[in-house]
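Participant: Attaching a single structure in structure tokens format; questions to follow.
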Number of protein chains: 2
Amino acid sequence: MTRYREIADAIREKIRSGEYARGSVLPSNASLASEHAVSTPVVNRALQVLQSEGLVRAERGRGTVVHEIAPLVRRAVERHRRTVREQQGGAFASEVSRLGHTPRSNLVQVGPVTPPPQVAEALGLTDPDPVTAIRDRRMYADDTPVQLATSYIPWEIATGTRITQPDVGPGGTYARLAEQGHVVTRWRERVTTRSPSEAEGDFLKLTDDQRVLAIERVAYTAQDRPVEVTVMALPAHQWTLEYEWEDES
Amino acid sequence: MTRYREIADAIREKIRSGEYARGSVLPSNASLASEHAVSTPVVNRALQVLQSEGLVRAERGRGTVVHEIAPLVRRAVERHRRTVREQQGGAFASEVSRLGHTPRSNLVQVGPVTPPPQVAEALGLTDPDPVTAIRDRRMYADDTPVQLATSYIPWEIATGTRITQPDVGPGGTYARLAEQGHVVTRWRERVTTRSPSEAEGDFLKLTDDQRVLAIERVAYTAQDRPVEVTVMALPAHQWTLEYEWEDES
């Protein structure tokens, strides 16, 4: 194994064990070089590895800072359980609270829109000029941006409900959908990895060599009607996605 | 939007539509620059974007080649259904066949090993020096490497079965486990994104700026006993992961 990878491994382990605390500043590159008996370019390369993993970042005037938020485990099945969601006002809030952080969500857009073609298709909207409600949110764990999420609901279902208002009310969108007779009972998520768009990179504070996990979720009723599509972007280094299922054959 | 991103979008769309066929060579950089009325450095930057997405690659003496295999959708729930698995001799083979490619798998290691600590923990092995069977495979769609997978099964379950032999027999490992009274009925997968190790990068033919999806899967019996852990690495640009579940609250 190359030397810089060994040093990256050693520093990663010290962050994992807590010896280098979350939010703290690492020893200077010169001091790390001396500790590991290598040149500073080798230390720089090791820190680049850790930076692309999102474990550390360079901060002007401070040095190399250990990222405040440890990797978050997103439990897809548990976070969508009605009992779990309703306790915390939504899947995201319940997830982030369980992980010991304070969830926060800023709504940046709400109202009627023409959805992107793949969203219209997933919702089964055959009208050539379909309309959906949009709920576009920026989401934080403590003060760290951890997710962008944009939800689309067919306009005929959302209109006249609080889904089209800034405050969707207790229990979130799924509670409002249920009140309209559209109880969501099944979900499908598709996960891909890609480079962030410029807007995503800015909000999620990603460097050029980092990636996002792009998740497209479709929510279905018991009658198999798709009633919501949510498109999410998450910093890939920040999240572990967990899924569970049983054999139904 | 910056010019190189627009050009990347235009070329991506032509690959998607089939105008630039899979496995074909793109027009020269000079000809692309002339077509889009930009300088060749702008075209180079656009091609770098597509290369990091795994859509194209530079090939010495040929030029820019369109990657042969389109993104593969991995349907976690469907591929693990007993009826589906048994038709094709395993989840991977059924998946790749469904997608119109020929699956191939090379076994590189089989036998008893000391598993990594996180595998021993997931299997609930409390012995300080635990032993499992290992099945370490390199997997292809047609002739393109698309997955590395290493499975671990507690030795007391695997010993004396074909799980410890190179040819595991019809129906794969799960069929042998079932014969021993360990019918797998539930799975849990954890997905992370990371840079490839050197060995992974070599086999999966990844450039430095590409990533792998690392999947850890645990298979449980109806009695909630973990009987297999599989650790996988997949080129992130090659795969879309699909999961489905129902609300059980």
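The values are calculated or read from the model by the stated rules, or taken from the named source; none is laboratory data. In this text, all values refer to a predicted model and were calculated from it rather than measured experimentally. As a convention, Cβ positions derive from the backbone with ideal geometry for all residues, glycine included, and neighbour counts pool all protein chains shown. Surface accessibility is based on the protein's heavy atoms, side chains included, excluding ligands, DNA and RNA. Shrake-Rupley method; radii C 1.70, N 1.55, O 1.52, S 1.80 Å.
Participant: Quick check on my filter: what residues within the range B:90-113 are free of Cβ contacts under 8 Å to residues at least 60 places away in the same chain, in contact with a helix residue (DSSP H, G or I) (Cβ under 8 Å, 6 or more places away or on another chain) and either assigned to a loop (DSSP other than H, G, I, E, B) or not assigned by the TED database to the domain that holds B:Ala76 (or both)?
Facilitator: The answer is B:Thr102, and nothing else.
Participant: Would you confirm, using the coordinates I've provided, whether A:Arg12 is open to solvent by less than 40 Å² (accessible area, probe 1.4 Å), in a helix (DSSP H, G or I) and charged (D, E, K, R)?
Facilitator: Values: open to solvent by less than 40 Å² (accessible area, probe 1.4 Å): no; in a helix (DSSP H, G or I): yes; charged (D, E, K, R): yes.
In short, no.
Participant: Here's something else I'd like to know. Does A:Gln118 qualify as being within 14 Å of chain B (Cβ to nearest Cβ), in a helix (DSSP H, G or I) and at pLDDT 90 or above?
Facilitator: yes
Participant: Right, something else. Does A:Thr150 satisfy the criteria of being buried (at least 19 other Cβ atoms within 10 Å of the Cβ) and of a type in the set (Val, Ile, Thr)?
Facilitator: yes
Participant: Oh, and also: Pick out, from the range A:182-249, the strands (runs of 3 or more DSSP E) lying fully within it that include 3 or more residues that are within 9 Å of chain B (Cβ to nearest Cβ) and surrounded by 19 or more Cβ atoms within 10 Å (Cβ to Cβ). Before the answer, list the steps.
Facilitator: Details: elements: A:184-194, A:212-221, A:226-235, A:239-246.
Because the criterion is at least 3 residues that are within 9 Å of chain B (Cβ to nearest Cβ) and surrounded by 19 or more Cβ atoms within 10 Å (Cβ to Cβ), the strands (runs of 3 or more DSSP E) in the range A:182-249 that meet it are A:184-194, A:239-246.
Participant: Please specify each residue of the range B:55-81 satisfying the condition of being in contact with a Ser or Thr (Cβ under 9 Å, 6 or more places away or on another chain), within 20 Å of A:Thr193 (Cβ to Cβ) and within 14 Å of another protein chain (Cβ to nearest Cβ).
Facilitator: Within the range B:55-81, B:Pro71, B:Leu72, B:Val73, B:Arg74, B:Arg79 meet the criteria.
Participant: Are any residues in the range B:106-143 surrounded by fewer than 17 Cβ atoms within 10 Å (Cβ to Cβ) and under 24 Å from B:Arg74 (Cβ atoms), and if so, which ones?
Facilitator: Correct list: B:Asn106, B:Leu107, B:Val108, B:Gln109, B:Pro116, B:Gln118, B:Arg138, B:Asp142, B:Asp143.
Participant: Could you tell me which numbered condition B:Ala141 fails, if it satisfies all but one of (1) touching a Phe, Trp or Tyr at 6+ places or on another chain (Cβ under 9 Å); (2) at pLDDT 95 or above?
Facilitator: Only one criterion is unmet by B:Ala141, namely (1).
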